[in-house]
1. Among the residues of the stretch 24-77, which ones are touching a residue at least 40 places away in the same chain (Cβ under 8 Å), of a type in the set (Gly, Ala, Ser) and out of contact with any Asp or Glu (no Cβ under 6 Å at 6 or more places or on another chain)?
2. Can you tell me which residues in the stretch 649-666 are part of a strand (DSSP E or B) and surrounded by 18 or more Cβ atoms within 10 Å (Cβ to Cβ)?
3. Kindly evaluate Ser174 against the criterion of being open to solvent by less than 10 Å² (accessible area, probe 1.4 Å), of a type outside the set (Val, Ile, Thr) and within 13 Å of Val56 (Cα to Cα).
4. Out of Pro140, Pro105, Pro87, I need the residue that is closer than 30 Å to Ser581 by Cα and surrounded by fewer than 16 Cβ atoms within 10 Å (Cβ to Cβ). Which one?
5. Check Asp348, Asp298 and return the single one that is within 21 Å of the chain's Cα centre (by Cα), among the acidic types (Asp, Glu) and assigned to a loop (DSSP other than H, G, I, E, B).
6. Which residue out of Gln542, Gln563 is more than 26 Å from Thr194 (Cβ to Cβ), in a strand (DSSP E or B), out of contact with any Cys (no Cβ under 9 Å at 6 or more places or on another chain) and not hydrophobic (A, V, I, L, M, F, W, C)?
7. Conditions: (1) buried (at least 18 other Cβ atoms within 10 Å of the Cβ); (2) farther than 15 Å from Leu82 by Cβ; (3) in contact (Cβ under 8 Å) with a residue 40 or more places away in the chain. Arg147 meets all but one. Number of the miss?
8. Look through Ser104, Ser115, Ser166, Ser170 and report the one residue that is touching a residue at least 24 places away in the same chain (Cβ under 8 Å), of a type in the set (S, T, N, Q), more than 15 Å from Thr196 (Cα to Cα) and assigned to a strand (DSSP E or B).
Amino acid sequence: MVIPPMLKLLSTLIVLSLAAPHHLGAQGAATIRQQRLELDRTVWSDERRAQQYEAVFVSLWDRLRAAQEARSVLAAFPFDQLLLGSPQDSIKHDWDIIETHYGSPPRTLDHGQWSALLEQWENEGFVLEQSEWHHKQFVPAEDGPPRSLIDLKLHVKNYDRRLIVSGDLSVTWSEQQDETGHYIPATIDASNLTLTERRGASAFTSSAVLADDTALSPLIAADLDNDGLDDLLALGANLLYHNQGGRFAPEPLLAYPPPIGRIEVALLADFTGDGAPDLIVGGPGQLLGLYEGGKGFDQPGLAIATRPLQYPEAMSAGDIDGDGDLDLWVGQYRLPYREGQMPTPYYDANDGYPAYLLSNDGRGRFTDITTRAGLEAKRKRRTYSGSLADLDGDDDLDLLVVSDFAGIDLYYNDGTGTFADVTARTVSEASTFGMSHVFGDYNADGRLDMYVVGMSSTTARRLDYLNLGREEYPEHHQQRQAMGFGNRLYLGREDAQFSIAPSTEQVARTGWSWGVASADFDNDGDDEIYVANGHLSGETAQDYCTTFWTHDIYTGGSEPDPQIAEFFDEMIADWHNAGISWNGFEHNKLYLSGEGRSFVEIGYLMDVAFEFDARTVLDMDIDADGRMDLLVSEWSGTPRREQVHVLRNVWPSDNNWLGVRLQGAAGISPIGARITLRSSQGTKTQWVYTGESFDAQRSPTRLFGLGPGEQVEAVEVQWPSGKVTTLSDPQINRYHELTP
């Protein structure tokens, strides 16, 4: 069947969460448009003014991406005077990374001097490869000219040297306009920028690009053939990529895939208790199906639910009641804007499709215990990720749920599989557009910490500074700052609470974030953080986000509305034809840890700051060389296509390491295990949980960076059954297989 282009477009944009208007009953699209125009003229007039002024920077960003070389584009950018700062102080980080702050006294350049400086830089070999220009603050004209803050990021290459230029441009506007009608800056104050630089070869190199005609994710890393190398399951395409020493050879995975639609969610674990990992898969309109690993995945899946799920998006396994088998939690997403409905309210939506907690009888047969377990009240979140994990350190598995249009919910387990919602008393701020999460021990105190990824919105910050909002919706205004804040790093405390880490601001503003990985990529003993970013990149950096914040969050309801759906169809067509993006052209971020107390962003310096719209992130040591590699998926096209970039870690490090491969046994799974390494440098802890990142499952193999340490006293594994396995005086710089 040939699908009309508009239907394919609409389907794809809905899947990617594009925006629509709302609940106005029988009024038509023209009336809705007119009401929005009137609100723009009155309530949002300062924001529309801000967009008029920022248009010259949007145009600059677009022309830089399209240009073969940047100098002529930058030289043509209009302004009266430019202020450049002087070096103030420098901080030397690991791996010869130098961070230099600039400030007063500045030097002032006119346009001719700026052009000459650009020519000089070009002659010295400097090449601008990537950039971002975000309008974060606007001050309308009152007693003086309008002013703006532009959040700037430049990625510059100079032979074997890479530089990140970041900070705020303080712009004072003139009332002059260029030939295209764009306002011209009078003064651009670029005196307070930061330069982060590094010399040497890249830390990651492209090893392969895995591609298919459709989506590949969800992705699962697991050593299915027990050869010491993790293979890759690409469930979206029903493929198994056999790992052949860092090279991946694809073959079909399931002989009998689900008959309806594609697989959207998957989880690999031993649900039948025979020691072989089983596979549970699901998708929209499907029953969850269990494929028994002991039968080689070549038998039809066993249905483990009594009704089809609408949109399963997250799964996590764990023994919640201490009976020795793995139970299952399933979270669902509900696409906004479809059929004219919207999450309501946008900051605490509980109007999606229900989540399920399923109790296992030990043979892979499940019973729905969601209500009995205490999870009924907020089970209709629009959920993207979630994990059964020991959040409070009492040796039973609790539940973290991460949801779009809400944030995080935490439930503590009493040990019997009954849960209590402890969100309000456990975290000081839980609101965010939750996309995914990852666990770690960032401050090395032996307690579980968590990094939750959300959407950091420049538009929300600009509207907050302007103090704009509709008077009839005060709570929408009040929640905007928290919802648009971005990512949060929560540190576990002794009192079973989580405090927001002092370093949270350093890892918060990544953009529209999706997948996340946390691993010790340089083996120095601290966990780095890698975040995939970018929602939908069109033809221009002009951003739809302002329409979402000024209109979409205020209108509509949870129920479908055909009149709103009609308007939505027209708006999508207009938006698509204009080539507008929504958080487009954002770069992936890699945060280098400073002993867990601070972070510095080095993605471009290590050659992993991709500009494509990224989604799934998976960390795995593809060649078993003791350096954690990265897999990053790229989404593009209509209908959706996905390819996975395999990035080999070649970080020039002499640090030592120790790897642990957990191999379960009949009735004892690695899921839920806690691994503790003791050495003269201290104690390090890692956990094996499922549900982390976005559309991904990590292998139960764990890698510990030792820095210069040359001896480990012991590695201890506490299995979910309570059994403890201890390996004394293990050899470093190799993997050790541990069993219960």
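The values are calculated or read from the model by the stated rules, or taken from the named source; none is laboratory data. Quick caveat, the model's predicted, so the values are computed rather than measured. Neighbour counts run over all protein chains shown; Cβ positions are idealised from the backbone, glycine included. For accessibility, only protein heavy atoms count, side chains too; no ligands or nucleic acids. Shrake-Rupley method; radii C 1.70, N 1.55, O 1.52, S 1.80 Å.
1. Of everything in the stretch 24-77, those that are touching a residue at least 40 places away in the same chain (Cβ under 8 Å), of a type in the set (Gly, Ala, Ser) and out of contact with any Asp or Glu (no Cβ under 6 Å at 6 or more places or on another chain) turn out to be Gly25, Ala26, Gly28, Ala50, Ala55, Ser59, Ala70, Ala75.
2. Listed by number, the residues that qualify are Asn649, Asn656, Trp657, Leu658, Gly659, Val660, Arg661, Leu662.
3. Taking the combined requirement at face value, the residue does not satisfy it.
4. So the residue among Pro140, Pro105, Pro87 that is closer than 30 Å to Ser581 by Cα and surrounded by fewer than 16 Cβ atoms within 10 Å (Cβ to Cβ) is Pro140.
5. None of the other options fit; the residue is Asp348.
6. Testing whether each residue is more than 26 Å from Thr194 (Cβ to Cβ), in a strand (DSSP E or B), out of contact with any Cys (no Cβ under 9 Å at 6 or more places or on another chain) and not hydrophobic (A, V, I, L, M, F, W, C) leaves just Gln542.
7. For Arg147, the failing item is (3).
8. Ser104
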